[in-house]
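Inspection log for the structure reproduced underneath, given as C-alpha cells.
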Amino acid sequence: MSTFKAPKGTYDLLPPRSATFLAVREAISTPLRNSGYGYVETPGFEDVKLFSRGVGESTDIVSKEMYTLTTKGGEELGLRPEGTASVLRAALQGNLHKLGNLPVKLWYSGSYYRYERAQAGRYRHFSQVGAEAIGAEDPALDAELIILADQAYRSLGLRNFRILLNSLGDKECRPVYREALQDFLRGLDLDEDTLRRAEINPLRVLDDKRESVQKQLVGVPLLRDYLCDACKAYHEEVRALVSAAGVVFEDDDKLVRGLDYYTRTTFEFVHDGLGSQSAVGGGGRYDGLSEMIGGPALPSVGWALGVDRTVLALEAEGVALDLPTATSVFAVAIGEEARRILFGKVTELRRAGVAADFSFGGKGLKGSMKDANRSGARLAVVAGERDLAEGVVQLKNMETGEQRAVALDDLLDAVRAELA
Ligand code: HAM
C-alpha cells in the first residue's frame, strides 16, 4: 500500500465494480438523450456566490457542506455541491435561452462535493447524472422528467424504489403558508437550533427526522391546504400525466428538499434497501432561480440521480447488470517469434473493432492461459513456433474448449464468424 489513502468520505472506483458505475450513468442518460436533452459540461468549481445565492445561504449544503477556497488571485470559489445552478448559469452565459426554442433541455454527468458526515451512501465526493429543462412552465415537462427517471431505474432492473411527489407552491401562496407554519412552530417545545431554523427556513423543520420533533408536528398546517388555484391546477395536471403513463407515485405532503430554489413540483426517488440515506434521486421545479442569479424569468424543472446510491440500490436488490465482457479475444503466444506475430494480430483485430487483449509479461503457456480465463474472453488465439511454421494459429472456444487450426491470414474472418 502507498503512504496515502483516499480522503475521508471518498472512495475509488476500481474494476470490476467500476463497470457498474459506467453502466448506471449510461442507463440514466439513455432515456434523456432519446428525449431531446443535449449534453452539457460545466467546471467543477464556480464563483461561490452562484451557490450561496442559488442553492440558498441558509441551507446545510451551502452553510456547512460547501468546499470553498480563495485562489492566489483572490477569487472566492466553491467546489460544486450540485449541478442545477451551474447548468443554468452556463445556459444563460451561452445565451441558449435566446436561440428561440424553449425549453432548453440539457443533461449532465459528473462529480459533486459536499463536506458531509461520511457514512454508508453519504460521501464527500459523489456522482450524479442530471437533467434540466429550462425556460418553460408546462406540467408535461415535470411529468416527462419523472417518467424518464422511472424508465431509467426500471431499465437497470430496479424495482423497490418509490416516487414521492409534492408541490411547494409559488411566490404567491408559499409566503402565506410559511407564516402559518411559523406561527404553529413557535408554539412548540423545540430546542434553540430548531427554533432558529423555524425562523429562517421553517419548511425544513417538517423534514426533521427526530421522533421528539415529529411527535409535535401532529396537526401542523400543510402546504397542500394553502396552494393557490394556479399551483393546485398545475399540480393536478402533473399528477394526471404521470399517472396516465402508468408511473406510480405517492403524494408526500411533508416532502421538502434541502435546496432553497424549489417552487411547485418537487419529488424524490427513494429506495427501501438503503437505510437512512434512502434518496437515490430528487428534483423539482425552480421557477425563480434564473432571476436569483441575475438572469431573466425562466421557469425550469430538473432532477439529479445519485450514481453511487443507485449502485448501492442495485446491490441491495441483488440485481447483477448484464455487462458485456470487455475482451472478446485473448492472444497467447509461446516464444519470441510468436509474440511478435500475435501482438501484430491483436493490433489488427483491435483496428477491425474486435475487443482483444494479449498475454503480457513473458509468461509461459500455463500462466498465459490463466490470464485468458480471467479476461472473460470468448476466444483464445494460441500460437507457438510449430504453428507458425505451418502458417496457422490455434483458435480456442473458451466456453466449449474446442480448438482448431486457422490460417494466420484468415484469423480476422474466423474470429468474426465465431463471435457472430
Ligand atoms: P439532491 O437531492 O441534493 O438534489 O441530490 C440528488 C441526489 O444526489 C440524491 O438523491 C442522492 O442520490 C445524491 N447525493 C446527494 N448528496 C450525496 C452524498 N453526499 N453522497 C452520495 N450521494 C449523494 C440536487 O442535487 C439537485 N441539483 C437536483 C435537481 C436538479 N433539482 C433540480 N434539478
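Observations on the model:
- Test: residue in the stretch 114-133 that is open to solvent by 50 Å² or more (accessible area, probe 1.4 Å) and under 24 Å from V248 (Cβ atoms): no
- Only one of the listed residues (V213, V238, V242) is outside the structural domain of L145 (by TED's automatic domain parsing) and open to solvent by less than 30 Å² (accessible area, probe 1.4 Å). That residue is V213.
- Selection from the stretch 104-113 of residues that are in contact with a His (Cβ under 9 Å, 6 or more places away or on another chain) and open to solvent by 20 Å² or more (accessible area, probe 1.4 Å): S111, Y113
- The numbered conditions (1) assigned to a helix (DSSP H, G or I); (2) in contact with an Asp or Glu (Cβ under 7 Å, 6 or more places away or on another chain) are all true for V393 except (1).
- The test for being loosely packed, with under 15 Cβ neighbours inside 10 Å, modelled with pLDDT of 95 or more and under 23 Å from the mean Cα position of the chain (by Cα) holds for G157.
- Strands (runs of 3 or more DSSP E) contained in the stretch 61-136 and holding at least 3 residues within 16 Å of the ligand (Cβ to nearest atom): 104-113, 125-134
- Condition met for I163 (touching a residue at least 12 places away in the same chain (Cβ under 8 Å) and open to solvent by 60 Å² or more (accessible area, probe 1.4 Å)): no
- Among the residues of the stretch 357-382, those identified as open to solvent by less than 30 Å² (accessible area, probe 1.4 Å) and not small (G, A, S) are F358, D371, L379, V381, V382.
- Set side by side, the residues T20, T42, T10, T59 differ, and just one is β-branched (V, I, T), at pLDDT below 95 and surrounded by 12 or more Cβ atoms within 10 Å (Cβ to Cβ), which is T59.
Here is a yes/no grid of residues against (1) touching a helix residue (DSSP H, G or I) at 6+ places or on another chain (Cβ under 9 Å); (2) modelled with pLDDT of 95 or more; (3) open to solvent by 60 Å² or more (accessible area, probe 1.4 Å):
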position	(1), (2), (3)
L203	yes, no, no
G219	yes, no, yes
D251	yes, yes, yes
K254	yes, no, yes
F269	yes, yes, no
G288	no, yes, no
E291	no, yes, yes
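- Strands (runs of 3 or more DSSP E) (entirely within the stretch 257-375) containing at least 2 residues that are among the β-branched types (V, I, T), touching a Gly at 6+ places or on another chain (Cβ under 9 Å) and under 30 Å from A136 (Cα atoms): 263-271
- Pick from the stretch 271-281, criterion surrounded by fewer than 22 Cβ atoms within 10 Å (Cβ to Cβ) and not acidic (D, E), ranking: nearest to the ligand (Cβ to nearest atom): A279
- Restricted to the stretch 341-356, and to residues there that are in contact with a strand residue (DSSP E or B) (Cβ under 8 Å, 6 or more places away or on another chain) and open to solvent by 50 Å² or more (accessible area, probe 1.4 Å), the residue that is nearest to D413 (Cα to Cα) is R350.
- Boolean, D189 is modelled with pLDDT under 95 and under 21 Å from F267 (Cβ atoms): no
- Any hit, the stretch 296-317, residues being away from the ligand (no atom under 16 Å from the Cβ), over 30 Å from Y11 (Cβ atoms) and either surrounded by 20 or more Cβ atoms within 10 Å (Cβ to Cβ) or without any contact (Cβ under 8 Å) to a residue 60 or more places away in the chain (or both): yes
- Residue that is closer than 23 Å to Y153 by Cβ and away from the ligand (no atom under 16 Å from the Cβ), where the choices are L223, L241, L259, L227: L241
The values are calculated or read from the model by the stated rules, or taken from the named source; none is laboratory data. This one's a predicted model, so the numbers in the text were calculated from it and none came from an experiment. All Cβ positions, glycine included, derive from the backbone under ideal geometry; neighbour counts span all protein chains shown. With ligands, DNA and RNA removed, areas are computed over all heavy atoms of the protein, side chains included. Shrake-Rupley method; radii C 1.70, N 1.55, O 1.52, S 1.80 Å.
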